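Rule-based calculations on the coordinates, nothing more; no lab input. Just so we're clear, the structure is a prediction, and the values are computed from it rather than from any experiment. Glycine also receives a Cβ, built like all others from the backbone with ideal geometry; neighbour counts cover every protein chain displayed.
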């Protein structure tokens, strides 16, 4: 499914339960089927996402936790970590960065998937939930430099959580993706996982199935695959050419 040789651990950091199922669960399902250890880190408790006036925030948080655990079982996740910050109030604080750093050092992902940490001003609901922006910013800051540097959050060393260098970060929701993953073989599992989030779905399972397939087919358009998910891919161990060297080369 992917060409990442020697990788076998991944982490997905999102704001809410169901964020990953909507955005990257086909990729995750493929990894899990291939024997990868994949961990979800959910920054908020999902306690605000309802139009039901009879439902309280604690009740909704309990429901959504159960739904996410069930979705994780469908996918075959290694673990689901709930940081339980209040939904709709998330900020990219040092506290949140430390919590994500802790999980990175604990689970040691080769690849970390997270959310686009900026607004997309093209319009529509996709213009950016503030929790998504905060989760993406905190996760990227945790990868670099916090999880890497032993002098950052030194109290984590007292928990035997040594520094870890994540090899790649993949951003979902980026307006200019540059990496596509073929999810044709895993889309059925992806859709079954999404359908576990009953509290968040107003459509029937058949309608969800049709919608997900349509979206993934559109992402795959022009690629040698039927269904795809796309990302902005950041590789940290990739050789880089300095700006000055590029200028000197062009002058020569």
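Key figures for this structure:
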quantity: Highest-fluctuation residue, 132, 16, 85 considered, GNM on the chain with Cα pairs under 10 Å; calculated: 85
quantity: Label-point separation, residue 223 to residue 33 (7 Å along Cα→Cβ), nm; calculated: 1.5 nm
quantity: Label of the coordinate-derived value, Rg and Dmax of the Cα atoms in Å, listed as (1) 16.7, 45; (2) 17.4, 51; (3) 18.6, 71; calculated: (3)
quantity: Gained length - residue 198 relative to residue 149, 0.36 nm times residue gap less alpha-carbon distance; calculated: 13.6 nm
quantity: Listed peptides 68-81, 35-48, 86-99, 18-31 by packing density, highest first (mean Cβ within 10 Å); calculated: 18-31, 35-48, 68-81, 86-99
quantity: Helix-only CD estimate at 222 nm, as mean residue ellipticity for the chain, using -39500 (n - 2.57) per DSSP H run (n ≥ 4); calculated: -11000 deg cm²/dmol
quantity: For region 146-198 versus region 38-116, the gap between their alpha-carbon centres in whole angstrom; calculated: 12 Å
quantity: Chain lengthening between residue 95 and residue 162 when straightened (0.36 nm per residue, less Cα-Cα); calculated: 22.3 nm
quantity: Cα-projected label distance for residue 8 with residue 185, points at 7 Å along beta-carbon direction, nm; calculated: 1.8 nm
quantity: Linear extension gain, residue 207 paired with residue 62, 0.36 nm per residue minus alpha-carbon span; calculated: 49.6 nm
